[in-house]
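The values are calculated or read from the model by the stated rules, or taken from the named source; none is laboratory data. If you're wondering where the values come from, they're calculated on a predicted model, not measured in any experiment. Positions of Cβ are backbone-derived with ideal geometry, glycine not excepted, and every protein chain shown enters the neighbour counts. To get the accessible areas, we keep the full protein, side chains included, count just its heavy atoms, and leave off ligands, DNA and RNA. Shrake-Rupley method; radii C 1.70, N 1.55, O 1.52, S 1.80 Å.
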Amino acid sequence: MKALPFLSLLPRLPGPRFPAALLGATVLELVVLTGHLVAYPFGLTQERRTPPETTPGAAPGTPGTHRNRLPGSPAAERPVVLLHGFIDNRSVFVLLRRTLARHGRRHLASLNYSPLTRDLRTAAELLGRHVEEVCARTGQREVDIVGHSLGGLIARYYVQRLGGDRRVRTLVTLGTPHGGTAVAPGAGIHPIVRQMRGGSALIEELRRPAPGCRTRFVSFWSELDQVMVPVGTACVDHPDLDAVNVRVTGIGHLALPVHPAVAAAVREALESQETREGTAPSTGTSSVA
């Protein structure tokens, strides 16, 4: 299948030279982990939700009333919802959020879900309520979602099984176990982690037909991702979904939401003018290596 047009614009990462590439990726993972541990406390609370400015006399949340709306820039106005991975919080998206804001994305919203959540479906329902609140607050009918690891799987369940495709234009996933992963620390302890394993009831549920799903999927997967086993499990492989899988080289699981080249690629994916109407579902593969 032909890849989406924006993929030709994606930045390039250095290709792997094993074992040097694996060693470099591991060192980078440790650096990212250290930085994230420092930032983690600042993301423990839900972010403050401030309503956007509206024109005088307009009802709050009314489409077309935002004071700073730029004509002809629907991507800038469409909110981006950021969803973190397991035992994490919104602080993981500090750098990606800054990149998107610097390039004109006006409405950026992060959602923290509790690590005590025992069912991914419950988290997906929470995401659905959050998306409705974001749409009401910004006056937009659709959002884009970027999910890291488990966050991407939660978002996919919302889109594919809870009717979220009517609200989500593009879902970008970063190192998400779409096919289930064989490496899941604590799999025998935490129920939501067991749901991420290959062959789980939830993973099998996502394999069911999804005719007419309107959301575009862009899945970034890394060949050096030590959490995704096999690494191809981070690819979207479903005949009914309009999806493209983007191979990333030279970095691991934790670096996906913070690496500048990946952030630039995510921005390009969200800004793509590819329309959904009249486009047959396709599963493509491209690369940022």
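Of note:
- Using R0 = 45 Å, the C-beta based FRET efficiency linking D237 and A136 works out to 0.85.
- Additional length obtainable on full extension of the chain from L95 to R197, 0.36 nm per residue less Cα span: 33.8 nm
- FRET efficiency for the V31 to A264 pair, using the beta carbon distance and R₀ = 25 Å, is estimated at 0.80.
- Accessible surface of segment 71-166 [probe 1.4 Å, protein heavy atoms]: carbon and sulfur percent: 54 percent
- Whole-number accessible area per residue in Å² for segment 82-235, which is evaluated in the context of all protein chains at 1.4 Å: 36 Å²
- Distance between the pseudo-spin-label points of I87 and L22 (7 Å out from Cα toward the beta carbon): 2.4 nm.
- Simple label model, 7 Å out from Cα along Cβ direction - D119 to E204, nm: 1.7 nm
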